[in-house]
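In what follows, a structure is listed as structure tokens, so that the remarks can point back to it.
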Amino acid sequence: MRVARKKFAENKKDGENFIAETLGRLKMETKSNKAVASTDLVIEAVVENLELKQKIFAELDKVAPKHTVFVSNTSSLSIQEIASVTSRMDRFGGLHFFNPVPVMKLLEVIRIPETSHETFALLLKFGTEMGKTTVESKDSMGFIVNRLLVPYVHEAIKLLERGDASAKDIDVAMKLGCGYPMGPIELVDYTGLDTHKYIIDGWHKTYPENPLYEPSPMLDKYVKEGKLGRKVGQGFFTYQK
């Protein structure tokens, strides 16, 4: 709704109509067995926790129709590992959307070795029909964007942690020096410090010898204190709720 109001700032009536029409096309369901009973495509978007994602898909696999395609919106975890608990690995893939979804045009479409050509073609078509620009990626850690973005953001946190520069100056430097619309500290506040910690902890567990994924004590402290970023009003910066 926030995105719609911003998009239709000059015509509130059109914005209200857009919101009403959009919500009118949605059907809410809190029971997963009912939600997937007649579903062609299931997209999961829970927190970046492998065990939780596997638990959800294992349960859905028992009740969803055989033709239903399963998709994870994970930004960092192995699609193949998530899919391994199901009996439909040929009908499993990844659709990584970017936040905020109504505004960001990119959609990463990920396939695992078992993904059928029909399934992958369906996912690409689904993305383009939504108006997204799709890019194809194999099931490698972080896919394309986050494989490049997460180490960059993490190094910015370490820069701040060492006292080499302030959060404000880090962001200003990257915005004006590289032409980025948002600095790395502001970005991690926007996406969530807890989400970044989930990702970096998982990568460190997989590649413990890689210094790029070394945990940050400052990040760990902030997350433990509940300073998760913009969504709670406090991260590396303070925000008005």
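What is the magnitude of the charge dipole of the stretch 1-120 about its Cα centre, with +1 placed on the Cβ of each Lys and Arg, -1 on the Cβ of each Asp and Glu, and no other charges, expressed in debye to the nearest 20?
Details: 18 positive and 16 negative charges, 100 e Å.
It comes to approximately 480 debye.
Which shape class, rounded, prolate or oblate, goes with the chain when its Cα gyration tensor gives a ≥ b ≥ c as root eigenvalues, a/c under 1.5 marks rounded, and past that a/b bigger than b/c marks prolate? Can you show the working numbers first?
On the way: a/c = 1.88, a/b = 1.28, b/c = 1.46.
The shape class here is oblate.
Take peptides 228-240, 68-80, 30-42 and line them up by average Cβ neighbours within 10 Å, highest first, as a rough protection proxy.
Result, highest mean first: 68-80, 228-240, 30-42.
Going by the alpha-carbon gyration tensor, a ≥ b ≥ c the square roots of its eigenvalues, is the stretch 155-241 rounded (a/c under 1.5) or, if a/c is not under 1.5, prolate (a/b greater than b/c) versus oblate?
Oblate, because a/c is 1.5 or more while a/b does not exceed b/c.
Pick from Gly202, Gly15, Gly127: which residue has the top mean-square fluctuation in a GNM of the chain where Cα pairs under 10 Å get a spring?
Gly15
For the chain, set up a Gaussian network in which alpha carbons nearer than 10 Å are linked by springs, and say which option among Met104, Met141, Met28 fluctuates the most.
In the Gaussian network model the winner is Met28.
Nearest 5 percent is fine: what portion of the DSSP beta bridges confined to the chain is antiparallel? The partial results should precede the final answer.
Details: 6 of 19 bridges.
If I count the DSSP bridges inside the chain, around 30 percent turn out antiparallel.
Using a Förster distance of 41 Å, how high is the FRET efficiency between Val145 and Lys13, based on the Cβ-Cβ distance and rounded to 0.05?
Working: r = 36 Å, r/R0 = 0.89.
About 0.70, to the nearest 0.05.
Output ³J(HN,Hα) for the stretch 99-109: one whole-Hz value per residue in order, computed from phi by the Karplus curve 6.51 cos²θ - 1.76 cosθ + 1.60 with θ = phi - 60°, and x for Gly and Pro.
With the stated coefficients, the stretch 99-109 comes to 8, x, 4, x, 9, 6, 7, 7, 9, 7, 10 Hz.
Could you name the aspartates and glutamates whose alpha carbon sits less than 20 Å from that of Lys62, not counting residues in the same chain fewer than 8 places away?
Partners within reach: Glu29, Asp40, Glu44, Glu51, Glu81, Asp90, Glu114.
So which of Lys197/Lys231; Lys31/Lys66; Lys158/Lys197; Lys197/Lys224; Lys158/Lys224 end up more than 22 Å apart, counting from Cα to Cα? Mind showing how you got there, number by number?
Numbers: Lys197/Lys231 15 Å; Lys31/Lys66 19 Å; Lys158/Lys197 13 Å; Lys197/Lys224 11 Å; Lys158/Lys224 17 Å.
In this structure, no pair lies more than 22 Å apart at Cα.
What's the angle, to the nearest 10 degrees (0 to 90), between helix 117-129's Cα axis and the longest principal axis of the chain?
Computed tilt is about 60 degrees.
Ranked from the most accessible area to the least, with a 1.4 Å probe and all protein chains present, what is the order of Lys53, Lys105?
In descending accessible area the options line up as Lys105, Lys53.
For the chain, set up a Gaussian network in which alpha carbons nearer than 10 Å are linked by springs, and say which option among Phe18, Phe92, Phe120 fluctuates the most.
Maximum among the listed residues: Phe18.
Ignoring everything except DSSP H segments at least 4 long, calculate the 222 nm mean residue ellipticity for the chain; use -39,500 (n - 2.57) per segment, divide by total residues, nearest 500.
-14000 deg cm²/dmol
Considering only Cα-Cα distances, which of the following residue pairs are longer than 31 Å: Lys53/Lys168; Lys132/Lys221; Lys27/Lys241; Lys6/Lys27; Lys12/Lys138?
With Cα atoms farther than 31 Å apart: Lys53/Lys168; Lys132/Lys221; Lys12/Lys138.
For the stretch 1-112, what log10 I(q)/I(0) values come out of the Debye formula at q = 0.16, 0.18, 0.20, 0.23 1/Å, with one point per alpha carbon and no solvent?
One equal scatterer on each Cα of the stretch 1-112 leads to -0.82, -0.95, -1.07, -1.23.
Rolling a 1.4 angstrom probe over the protein heavy atoms, how many square angstrom per residue are accessible across the stretch 105-197?
51
Place a +1 charge on the Cβ of each Lys and Arg in the stretch 86-241 and a -1 charge on the Cβ of each Asp and Glu, then give the dipole magnitude about the Cα centre in debye, rounded to the nearest 20.
400
At 7 Å along the Cα-to-beta-carbon direction for both Lys205 and Glu129, put a label point, then send me their distance in nm to one decimal.
Here the modelled spin labels are 3.6 nm apart.
Name the residues whose placed amide hydrogens come within less than 5 Å of the amide hydrogen of Glu44, ignoring near sequence neighbours (fewer than 5 apart) on the same chain.
So Glu44 has HN proximity to Val71, Ser72, Asn73.
Quick one: if you stick a label point 7 Å off each Cα along the C-beta vector at Val232 and Tyr152, how many nm between them?
For the pair Val232/Tyr152, the computed spacing is 2.7 nm.
So if each residue of separation counts as 0.36 nm, and I subtract the Cα-Cα distance between Glu214 and Ile43, what length gain in nm does that give?
58.5 nm
The values are calculated or read from the model by the stated rules, or taken from the named source; none is laboratory data. No experiment lies behind these values; they were computed from the predicted model shown. Positions of Cβ are generated from backbone atoms using ideal geometry, with glycine treated the same way; all protein chains shown enter the neighbour counts. Just the protein is used for accessible areas: all its heavy atoms, side chains included, with ligands, DNA and RNA removed. Shrake-Rupley method; radii C 1.70, N 1.55, O 1.52, S 1.80 Å.
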